[in-house]
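Notes follow the structure.
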Amino acid sequence: MRAIVGASACVIEPAEVAPYVIDYRKLYQGQALLVVLPASTSEVSRIMTWCHANNVPVVPQGGNTSLMGGAVPDDSGTAVVLNLKRMNQVTEIDSVNDTMTVQAGVTLNAARSAAESASRLFPLRIGSEGSCQIGGNLATNAGGTAVLRYGNMRDLVLGIEAVLPDGRIFSSLKGLRKDNTGYDLKQLFIGSEGTLGIITAAVLKLAPQQRSASVALVAVENPAAAVQLLGEAKRVAGQTLTAFELISRPALELVLDYLGKVASPLPALHDWMVLIELTSGGDEQPLNDTLLGILEPALESGLVLDAAVASSGADAQTFWRIREEISDAQTRHGGSVRCDVSVPLSRIATFIEAASQRVLELEPEVRMVIYGHMGDGNVHFNPLRPKNQSAAQFLAAHGKSIAEVVDDLAAENKGSISAEHGVGVAKRDALLAYKAPVEIELMWQIKQALDPKNLLNPSKVLPLT
């Protein structure tokens with residue numbers, strides 16, 4: 001490794017290795033032979049060639065913000081962690097083609113800033129954007145708060161470059177929106193969580209920069225009312241509707257307590273709220289009029305109980321901070337069962353009601369922290385420990401049973417047990433209960449075709465059959 005990347009790019013001291021072998025939530029921890037930090041695709045290729053020839057497992061890693069344990073090694077100490085943070089260059093911005101070519105180690109925040117410098121928008125938005133990297137965003141098919149309008153990461157990429165488990169380089173860095181010359185091979189690597197290849201670069205789609213935004217926090221009676229309001233928002237706002245985020249009262253109470261000096265934008269607490277955002281490339285006033293065109297009739301009919309409209313950019317940032325800090329508030333508080341599920345929008349209210357009822361039957365004092373991207377059917381259903389129980393007590397008594405109840409109901413409603421967080425280790429074996437045997441078989445056949453030695457991110461994603 002030193003011969004390939006240089007001594008300074010090989011991390012071997014235990015204290016320096018430690019941050020690379022534990023996950024963001026400190027739930028998954030392993031050991032590594034060493035951590036290697038390549039600076040180019042060529043170096044990644046040479047590393048993989050050597051590891052393949054010597055049967056050494058490799059765990060690819062980006063910003064290490066995974067919630068499912070997919071970016072850290074196991075505790076065998078036999079794997080090399082390959083972190084891509086040194087590959088952090090934006091290599092091209094094509095403003096005419098509306099594309100940007102980046103190395104995999106570019107952080108999401110840096111990619112968004114680079115697009116803005118060219119008066120363009122890279123629309124992926126997630127709370128960890130200062131740390132997460134584009135390669136990891138692709139490997140996990142990241143979603144976030146703007147999927148309603150722009151789609152997942154899979155929808156935002158035109159080409160990728162990846163190093164295969166044996167060191168060969170697959171390179172298709174084309175900014176083409178049409179290319180029907182056979183299988184779309186880049187899709188194999190997107191969402192594969194580093195089990196099929198190591199993504200080293202990508203061509204990303206850019207969108208027109210948005211000049212104005214209109215944001216409101218709106219109280220509704222229940223999730224069914226939120227779904228009805230979403231329908232009205234789509235009808236009135238059309239493509240300007242960018243985000244529609246659901247927040248339960250316990251989620252709001254938790255994050256306000258965590259933030260301390262931030263007050264609720266609404267004068268009274270309500271059981272359910274939605275954060276609505278409209279954006280456009282035009283002036284702000286027509287956008288504000290459109291938002292009022294959604295809210296005023298809804299207030300008159302009783303569909304909306306109350307609403308706070310951001311009167312400035314600072315207000316809008318506060319509204320979004322409340323929404324985006326819910327995840328960190330849970331992590332710091334400890335003791336939440338994190339279920340990242342998706343169901344068809346037509347079933348989302350039924351799912352939330354049924355899942356809440358079943359969880360409360362298991363533990364009546366649990367706090368129902370429910371929030372997420374309602375506009376695309378993705379709910380973060382995260383029951384939080386009662387105030388009088390420790391995290392360890394609650395998770396030991398109810399963690400597994402709550403996750404099973406929620407996942408079962410998602411499947412019953414034709415949904416998925418992982419909407420955007422991926423599979424990693426946490427959901428790997430659960431796939432056996434929710435995916436058909438033929439799906440598991442096909443996944444393994446693809447894995448064996450590209451990685452017959454099972455050296456690339458072993459024991460992740462694919463359940464042992």
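In table form, for the structure just shown:
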quantity: Dimensionless Rg over Rh [region 93-192; C-alpha; Kirkwood]; calculated: 0.95
quantity: Part-to-part distance (alpha-carbon centres) for region 183-205 and region 397-457, which is given in Å; calculated: 19 Å
quantity: Relative contact order for the chain, counting Cα pairs under 8 Å that sit 6 or more residues apart, in percent; calculated: 15 percent
quantity: Nearest-20 debye value, region 216-281 charge dipole, Cβ charges on Lys, Arg, Asp, Glu; calculated: 160 debye
quantity: Over region 119-212, relative contact order from alpha-carbon pairs under 8 Å, at least 6 apart, %; calculated: 38 percent
quantity: Cα convex hull of region 313-405, projected area averaged across orientations, nm²; calculated: 6.6 nm²
quantity: Linear extension gain, D283 paired with A3, 0.36 nm per residue minus alpha-carbon span; calculated: 95.2 nm
quantity: Rounded percent of accessible protein surface that carbon and sulfur make up, the chain, 1.4 Å probe; calculated: 50 percent
quantity: For region 174-227, alpha-carbon Rg and Dmax in angstrom; calculated: 19.5, 51
quantity: Calculated [θ] (222 nm, deg cm²/dmol) that DSSP helices of n ≥ 4 give over the chain, each run adding -39,500 (n - 2.57); calculated: -10000 deg cm²/dmol
quantity: Gained length - E253 relative to D408, 0.36 nm times residue gap less alpha-carbon distance; calculated: 53.0 nm
quantity: Loop-resident sites, region 358-465, for GluC sites (Glu not before Pro), counting at most 13 other Cβ within 10 Å (DSSP); calculated: E365
quantity: Inter-part distance where region 8-69 and region 268-312 are each reduced to a Cα centre, Å; calculated: 46 Å
quantity: Calculated FRET value between C10 and A449, using beta carbons and R₀ = 45 Å, to 0.05; calculated: 0.90
quantity: Lys, Arg +1 and Asp, Glu -1 on Cβ, resulting dipole of region 139-284 about Cα centre, debye, nearest 20; calculated: 520 debye
quantity: Lysines with Cα under 29 Å of K186, excluding same-chain neighbours fewer than 8 positions away; calculated: K85, K174, K178, K205, K414, K427, K435, K447, K453, K460
quantity: Vicinal HN-Hα couplings computed from phi for region 165-181 (Karplus, 6.51 cos²θ - 1.76 cosθ + 1.60; Hz; Gly/Pro x); calculated: x, 8, x, 5, 10, 9, 10, 9, 8, 10, x, 9, 8, 9, 7, 9, 10
quantity: Of Q29, P344, G282, farthest towards positive along the dipole that unit charges on Lys, Arg, Asp, Glu beta carbons give the chain; calculated: Q29
quantity: Most to least accessible of K400, K447 (protein chains only, probe 1.4 Å); calculated: K400, K447
quantity: Point-charge dipole on Cβ atoms (K/R +1, D/E -1) for the chain, about Cα centre, debye to 20; calculated: 1060 debye
quantity: Region 392-465: relative contact order in percent, alpha carbon pairs under 8 Å with at least 6 residues between; calculated: 33 percent
quantity: Exposure ranking of T290, T465, T49, T99 by accessible area [1.4 Å probe, largest first]; calculated: T465, T49, T290, T99
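The values are calculated or read from the model by the stated rules, or taken from the named source; none is laboratory data. This is a predicted model, so every value here is computed, not measured. Glycine also receives a Cβ, built like all others from the backbone with ideal geometry; neighbour counts cover every protein chain displayed. Quick note on the areas: whole protein, heavy atoms, side chains included, nothing else; ligands and nucleic acids left out. Shrake-Rupley method; radii C 1.70, N 1.55, O 1.52, S 1.80 Å.
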